[in-house]
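A short worksheet on the structure shown next.
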Amino acid sequence: MKTYIASVSLSGTLREKIEAAASAGFSGIEVFENDLLTFDGTAQDVSRLVRDLGMEIVVLQPFRDFEGMPEPQRTRTFDRLERKFDLMLQLGTDLLLVCSNVSPISMGGISRAAEDFHELGVRAAQRGLRAGFEALAWGRHISDYRDAWEVVRRADHPSVGIIVDSFHVFSRGHDLGAMESIPGDRIFLIHLADAPLIKMDHLYWSRHFRCFPGQGEFPMVSFMEAVAATQYRGPLSLEIFNDHFRAASTRQTAIDGRRSMILLLEQAGIEILSPTARLGAVEFLEFAVEETQAAELRKLFSGFGFFEAGRHRSKDVQLWSQSGVNLVLNTESEGFAHEYSGVHGPSVCAMGLRVDDAKLAEARAKTYLCQPFRHPVGRGEVEIPAIRGFDGSLLYLIDPAMGAGKSIWEVDFVLNFEVLIRESAGLEGIDHIAHITSQEELPSAVLFYRAVLGLQPAPVFEVPDPHGLMQVRVMENMDRTVRIALCAPQSQGTMAARFLSEYAGSGVHQIGFRSSDIFQTVRRLETSGVDLLPIPGNYYDDLEARFGLEPAMLDSLRQHNVLYDRNDQGEFLHAYTRTYAGRFFFEVVERRGYTDFGAANAAIRLAAQARNAPDNDLVANH
């Protein structure tokens with residue numbers, strides 16, 4: 001099916017919006033009349049620009065306050081309509097969007113509205129044009145798509161059809177069952193918009209909180225299945241009013257919009273894409289640092305029980321391992337990692353993900369408009385496909401067939417096998433990764449991980465910081481072997497906002513390691529000189545009151561700065577390091593049947609980090 005985007009969905013000038021839509025692969029664009037009024041050219045110029053980019057203008061919108069007007073306003077409304085027809089012919093589009101009347105002087109009545117639309121159809125047909133009627137959720141008399149369809153049915157003119165908008169349907173809680181009764185050829189356009197579930201005025205909700213399919217909480221797949229049942233095969237268009245989108249990159253928003261359409265059509269079974277590669281676990285995290293800063297990070301790795309397990313055959317790259325947990329330390333003086341650290345400072349520049357078929361995973365990523373990345377490969381080394389993450393970091397896709405019977409580490413690194421069998425600190429794997437991002441980028445990040453990696457979002461929750469709130473959305477695969485917590489500060493004074501500022505943009509700020517025995521692990525850390533984040537005694541007094549823990553358990557928690565939570569699933573114990581260079585920190589977790597993230601303790605951690613902020617960097621004077 002052909003996909004379109006309304007110009008109101010994008011920031012920038014009309015020219016920039018059209019070019020971004022074309023670049024993202026849309027078939028065309030809806031022209032919102034306000035964009036046309038500010039355009040520095042004629043309607044014919046807009047038409048020519050759209051055609052030259054291989055697109056079409058699917059509709060001119062909106063035409064307001066039409067049906068049910070009393071005289072003399074009704075006569076003036078039809079005069080206004082004729083001028084819009086003139087403009088449509090100049091633009092080269094044959095469809096006008098007419099939204100339901102909100103005027104306080106309009107008169108109700110399905111029959112009266114149908115008479116007006118029949119006359120509209122007669123006039124439109126004389127000029128080879130059409131009109132689609134869309135019920136606004138806040139329409140004065142018509143706010144239900146079922147009533148809009150009844151108007152169109154009674155108007156009984158081939159130049160008049162219905163436009164159905166998912167936001168107006170779901171915000172009113174209307175049943176989708178009646179959709180099947182609408183013949184597909186009487187639907188002229190389908191508008192798609194998702195949104196978070198919020199109780200508020202419909203107009204305000206629509207004008208500020210719409211988002212792309214897959215970014216909100218509406219049952220968009222069910223909507224598309226209902227549309228498909230009508231045998232509709234016409235245009236699908238995104239109409240998104242969103243404050244963040246209006247301030248975001250025009251091209252990135254267009255890419256997100258197109259990506260959301262591809263995902264929705266796949267999920268609804270309307271378009272069949274290649275199968276999704278099965279996602280395993282995190283194979284490695286790659287840290288980019290300057291050589292002058294690497295000593296402290298090596299010391300931190302060592303304190304966690306990691307050993308230098310190998311050196312790259314042709315690059316200044318080290319492998320640090322422990323029980324199959326791999327950290328890569330890149331101190332190259334050129335290349336991607338060096339450029340990334342130049343922008344973000346010491347940081348996690350890449351993540352390696354195990355998949356069962358890397359080529360399949362890469363092909364899917366390209367289908368979803370991801371940028372592939374290729375780095376120089378030495379003779380005999382493994383070429384690992386990679387894609388750009390939403391934040392500019394890299395995601396490497398690794399499958400068992402890459403090394404021709406050997407692991408990528410055996411092929412690309414000179415390994416120290418004696419080190420690999422040393423006793424570990426009890427870490428079993430990477431439990432989760434937390435990614436700091438802005439409020440503006442959060443919907444884009446959610447969509448990226450859903451579409452490209454097939455991760456599913458858990459419900460949004462908020463955690464309090466001493467200076468504001470942080471919104472968190474966890475993305476995870478079905479097996480929970482890959483879990484990424486997206487954290488967005490909601491005010492500039494929070495610790496999360498400080499991480500965002502220090503990073504000069506989005507990035508990994510927390511790495512959670514899974515331990516089989518957290519007390520064994522933290523004792524190892526303390527013995528090795530790793531600074532754990534100090535937790536106030538009041539917290540442990542409250543734990544005793546809430547959970548009635550055994551004195552010995554409570555003493556161990558207090559002594560080692562370990563936090564605790566419990567729910568119906570089980571128990572959760574976790575401890576944090578201080579922050580490295582103001583950019584990231586580590587967490588050790590032990591799960592005893594518990595699958596959540598200890599959100600109840602997040603405020604304690606954030607307050608402790610804020611309290612220790614002036615001297616919590618392991619790299620002095622960075």
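The values are calculated or read from the model by the stated rules, or taken from the named source; none is laboratory data. Remember, predicted model here, so these are calculated numbers, not experimental data. Here the Cβ positions follow ideal geometry from the backbone for every residue, glycine too, while neighbour counts run over all protein chains shown.
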**Q.** Residue match in segment 208-218 (condition: in contact (Cβ under 8 Å) with a residue 12 or more places away in the chain, within 21 Å of Thr230 (Cβ to Cβ) and among the hydrophobic types (A, V, I, L, M, F, W, C))
**A.** yes
Q: Would you please name the residue that is farthest from Ala363 (Cα to Cα), looking only at residues in segment 374-400 that are of a type in the set (A, V, I, L, M) and in contact (Cβ under 8 Å) with a residue 12 or more places away in the chain?
A: Val382
Q | Some residue of segment 12-32 being of a type in the set (Lys, Arg), in the same structural domain as Arg207 (by TED's automatic domain parsing), modelled with pLDDT of 95 or more and buried (at least 16 other Cβ atoms within 10 Å of the Cβ) | A | yes
Q) Quick one: which of Arg578, Arg566, Arg583, Arg591 is closer than 23 Å to Leu285 by Cα, among the basic types (Lys, Arg), within 34 Å of the chain's Cα centre (by Cα) and at pLDDT 95 or above? A) Arg591
(Q) Go through (1) out of contact with any Pro (no Cβ under 7 Å at 6 or more places or on another chain); (2) buried (at least 20 other Cβ atoms within 10 Å of the Cβ); (3) closer than 22 Å to Ile604 by Cβ for Ser444 and report which single condition fails. (A) (3)
Q) Regarding Ser237, is this residue among the hydroxyl-bearing types (Ser, Thr, Tyr), in contact with a Pro (Cβ under 9 Å, 6 or more places away or on another chain) and within 22 Å of Ala22 (Cβ to Cβ)? A) no
Q | Residue in segment 85-102 that is out of contact with any strand residue (DSSP E or B) (no Cβ under 8 Å at 6 or more places or on another chain), buried (at least 23 other Cβ atoms within 10 Å of the Cβ) and either polar (S, T, N, Q) or assigned to a helix (DSSP H, G or I) (or both) present | A | yes
Q) Given the conditions (1) in a strand (DSSP E or B); (2) surrounded by 22 or more Cβ atoms within 10 Å (Cβ to Cβ); (3) of a type in the set (A, V, I, L, M), which single one is not true for Ala361? A) (1)
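Is segment 523-531 home to any residue that is in contact with a strand residue (DSSP E or B) (Cβ under 8 Å, 6 or more places away or on another chain), surrounded by 15 or more Cβ atoms within 10 Å (Cβ to Cβ), basic (Lys, Arg) and modelled with pLDDT under 95?
No, there is no match, as no residue in segment 523-531 is in contact with a strand residue (DSSP E or B) (Cβ under 8 Å, 6 or more places away or on another chain), surrounded by 15 or more Cβ atoms within 10 Å (Cβ to Cβ), basic (Lys, Arg) and modelled with pLDDT under 95.
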Q | Hey, Leu285 touching a residue at least 12 places away in the same chain (Cβ under 8 Å) and within 20 Å of Gly214 (Cβ to Cβ) or not | A | no
Q) Taking segment 41-72 as the region of interest, how many residues are touching a residue at least 12 places away in the same chain (Cβ under 8 Å) and loosely packed, with under 14 Cβ neighbours inside 10 Å? A) 5
Q: Look through segment 261-277, keep the residues that are assigned to a helix (DSSP H, G or I) and out of contact with any strand residue (DSSP E or B) (no Cβ under 9 Å at 6 or more places or on another chain), and return whichever of them is surrounded by the most Cβ atoms within 10 Å (Cβ to Cβ).
A: Leu263
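Every residue in segment 236-255 that is of a type outside the set (A, V, I, L, M) and either surrounded by fewer than 23 Cβ atoms within 10 Å (Cβ to Cβ) or within 16 Å of the chain's Cα centre (by Cα) (or both), please.
Taking segment 236-255 as the starting set, the residues that turn out to be of a type outside the set (A, V, I, L, M) are 237, 239, 241-246, 249-253.
Within segment 236-255, Phe241, Asn242, Asp243, His244, Phe245, Arg246, Ser249, Thr250, Arg251, Gln252, Thr253 meet the criteria.
If you check Arg186, Arg210, Arg233, Arg258, which single one turns out to be in the same structural domain as Gly139 (by TED's automatic domain parsing), surrounded by fewer than 23 Cβ atoms within 10 Å (Cβ to Cβ) and more than 15 Å from Met1 (Cα to Cα)?
On inspection, the qualifying residue turns out to be Arg186.
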Q: Give segment 477-509 a look and list any residue that's polar (S, T, N, Q) and buried (at least 21 other Cβ atoms within 10 Å of the Cβ), or say none.
A: Thr494, Ser506
(Q) Go through (1) more than 26 Å from Ile518 (Cα to Cα); (2) at pLDDT 90 or above; (3) among the hydrophobic types (A, V, I, L, M, F, W, C) for Met470 and report which single condition fails. (A) (2)
**Q.** Options Ala386, Ala350, Ala337: the member that is within 27 Å of Gln293 (Cα to Cα), surrounded by 20 or more Cβ atoms within 10 Å (Cβ to Cβ), among the hydrophobic types (A, V, I, L, M, F, W, C) and touching a Cys at 6+ places or on another chain (Cβ under 8 Å)
**A.** Ala337
Q | Leu415 vs. criteria over 30 Å from Tyr503 (Cα atoms), touching a residue at least 24 places away in the same chain (Cβ under 8 Å) and buried (at least 16 other Cβ atoms within 10 Å of the Cβ) | A | yes
